[in-house]
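Report on the following structure.
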Amino acid sequence: MTEIRLIPLGAHPRDIALDTLCARLERVIPVRLQLQHIPIDIDFALDPSRKQYHSTEILAALLEQNSTTAQKLLGITPYDLFVPVLTFVFGQAQLNNRAGVFSTFRLHNEFYGLPPARDILADRCFKEALHELGHTFGLRHCTGLPCVMNSSTYVEDIDLKPADFCLHCHEHLHSVC
């Protein structure tokens, strides 16, 4: 069974029950998740002019600091992420490799001027975690039926997609886990 380590990056994301997130992920993907309770400092990835963190640099650091201890690594951070060609990213992962990362920064209703909603935040985090882990298992963005692997440009895209894989993605995932 694949072992995945969930790692807080920079700080423990507020309002997120990481143990609950791990348990939900284990119900959908045949993996064992372990929460790493020691947050990793990611200040090196901050671009002061953008006030965002470069997600590709974070992925490299995750791999460097956890070179042989877990088969897959999933970072979670409360800080805004970017890649140079985009304004922001909800997350990023290495396709068919070991590491993924996602941010809760734009998943909070408060970011959009709405009242806090812990259930919505938990669902968005769950979907983003599934999505990024899907990439690490070789899944690309799904263009077929509604699927958690559909690309998300806006938070509404995350809200509209299901918290599960389509049949094709599900079959692929279970064949490689």
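Does F90 satisfy the criteria of being in contact with a helix residue (DSSP H, G or I) (Cβ under 6 Å, 6 or more places away or on another chain), among the aromatic types (F, W, Y) and within 27 Å of H141 (Cβ to Cβ)? Considered against the rule, which asks whether it is in contact with a helix residue (DSSP H, G or I) (Cβ under 6 Å, 6 or more places away or on another chain), among the aromatic types (F, W, Y) and within 27 Å of H141 (Cβ to Cβ), F90 comes out as yes. Out of F44, F90, one residue alone is modelled with pLDDT of 95 or more and either closer than 16 Å to F102 by Cβ or small (G, A, S) (or both). It is F90. Within segment 25-39, work out how many residues are farther than 17 Å from V101 by Cα and assigned to a helix (DSSP H, G or I). Going through segment 25-39 one residue at a time, the tally reaches 3. When E110 is tested against (1) within 24 Å of E156 (Cβ to Cβ); (2) at pLDDT below 95; (3) among the acidic types (D, E), just one condition goes unmet, and that condition is (2). Within segment 129-177, the residues that satisfy the criterion of being at pLDDT below 95 and β-branched (V, I, T) are T143, V176.
Restricting to segment 44-96, what's the tally of residues that are among the acidic types (D, E) and within 14 Å of the chain's Cα centre (by Cα)?
Result for segment 44-96: 1.
Counting residues in segment 113-124 that are under 11 Å from the mean Cα position of the chain (by Cα) and either of a type in the set (D, E) or at pLDDT 95 or above (or both) gives one or more. Filtered by the rule that a residue be within 19 Å of S103 (Cα to Cα) and not in a helix (DSSP H, G or I), segment 127-161 gives H141, V148, M149, N150, S151, S152, T153, Y154, K161. Among the criteria (1) part of a loop (DSSP other than H, G, I, E, B); (2) among the polar types (S, T, N, Q); (3) loosely packed, with under 14 Cβ neighbours inside 10 Å; (4) in contact with a helix residue (DSSP H, G or I) (Cβ under 8 Å, 6 or more places away or on another chain), the one T20 does not fulfil is (1).
The values are calculated or read from the model by the stated rules, or taken from the named source; none is laboratory data. From a predicted model like this one, the values you see are computed outputs, not experimental measurements. FYI the Cβ positions are ideal-geometry reconstructions off the backbone, even for glycines, and counts take in every protein chain you see.
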